[in-house]
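Contents: one structure, followed by commentary.
The values are calculated or read from the model by the stated rules, or taken from the named source; none is laboratory data. Computed from a prediction, not measured in an experiment: that's the story for all the values here. Neighbour counts run over all protein chains shown; Cβ positions are idealised from the backbone, glycine included.
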Amino acid sequence: MRHFFILLLLPLTILAQPDEKAIAILDKVSATNMAYTSIDLKFDYTLNNTQAKVSDKREGGLLLSGQRFHLDLMGQKITSDGKIVWYDMGEEVHIKSMEDFMEETDLDPRNIFTQYNKGFKHKYKGERKANGKDCHVIDLYPEVPGKKPYSRIELCIDKATNHIVESTTFGKDGTNYVLTVRAMKTGAALAADRFVFNQKAFEAKGYDVVDFR
């Protein structure tokens, strides 16, 4: 799960000067997406390690509305009202604070489109097709590479919409994580209960609910 949140973010060569073109494009991505009242993403999440001959592809979804989010991925459903986070793992639910969640995942899904502002250097790589879209390609490099399990993140950004359509995280262990957006809806009215966990209902189904706060 940690690797999913890292996604929407070489043997490393630190860039000597800021790449102004990359920063300008990323600023447009931030401005465009932060203006939406809600975002509903459907995506494919693929893990690849050619050396180990491992490949695994899963479907997922992410709802964002203000400070609230709901993630459905790899058998887990993670819901937050912006303050509390609920992990639904099938027959057990863990309750944690938002602060603990951010510490565990490194990132805050509520700020997924501004996460590049801190801790990264940027490089504009050029243009190519990705997921059928004409895209800008930008690499993100961690400023403190020794503290990260990956060497870089490659973003493919739709030139027409300023939406991120594909993201690849290059793991230092040879495992790469690819997130491909299949569909994106914006501005839809989302009911508040989509972002709140009904504890009594789950306990009635026999779920174990563990509060770690």
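Table for the structure above
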quantity	calculated
Checking PHE120 against (1) more than 16 Å from the chain's Cα centre (by Cα); (2) modelled with pLDDT under 90, the condition it does not meet	(1)
Selection count, region 185-200, where residues are of a type in the set (Lys, Arg) and closer than 19 Å to PHE69 by Cβ	2
Residue selected from region 173-213 under the condition under 18 Å from THR37 (Cα atoms) and charged (D, E, K, R), by the criterion surrounded by the most Cβ atoms within 10 Å (Cβ to Cβ)	ARG194
Single match in GLU127, GLU143, GLU203 (criterion: closer than 24 Å to LEU71 by Cα and of a type in the set (Asp, Glu))	GLU203
Subset tally (residues that are over 26 Å from ASP173 (Cβ atoms) and surrounded by 15 or more Cβ atoms within 10 Å (Cβ to Cβ)) for region 46-66	4
Hits in region 55-81 (condition: modelled with pLDDT of 90 or more and not in a strand (DSSP E or B))	ASP81
Pick from region 148-164, criterion within 14 Å of LYS121 (Cβ to Cβ) and charged (D, E, K, R), ranking: modelled with the lowest pLDDT	LYS148
Matching residues, region 183-200, being assigned to a loop (DSSP other than H, G, I, E, B) and not hydrophobic (A, V, I, L, M, F, W, C)	GLY187, ASN198
Which numbered condition LYS28 misses (of (1) buried (at least 16 other Cβ atoms within 10 Å of the Cβ); (2) charged (D, E, K, R); (3) closer than 24 Å to MET184 by Cβ; (4) more than 15 Å from the chain's Cα centre (by Cα))	(1)
Flag for ALA22 being part of a helix (DSSP H, G or I), surrounded by fewer than 16 Cβ atoms within 10 Å (Cβ to Cβ) and among the hydrophobic types (A, V, I, L, M, F, W, C)	no
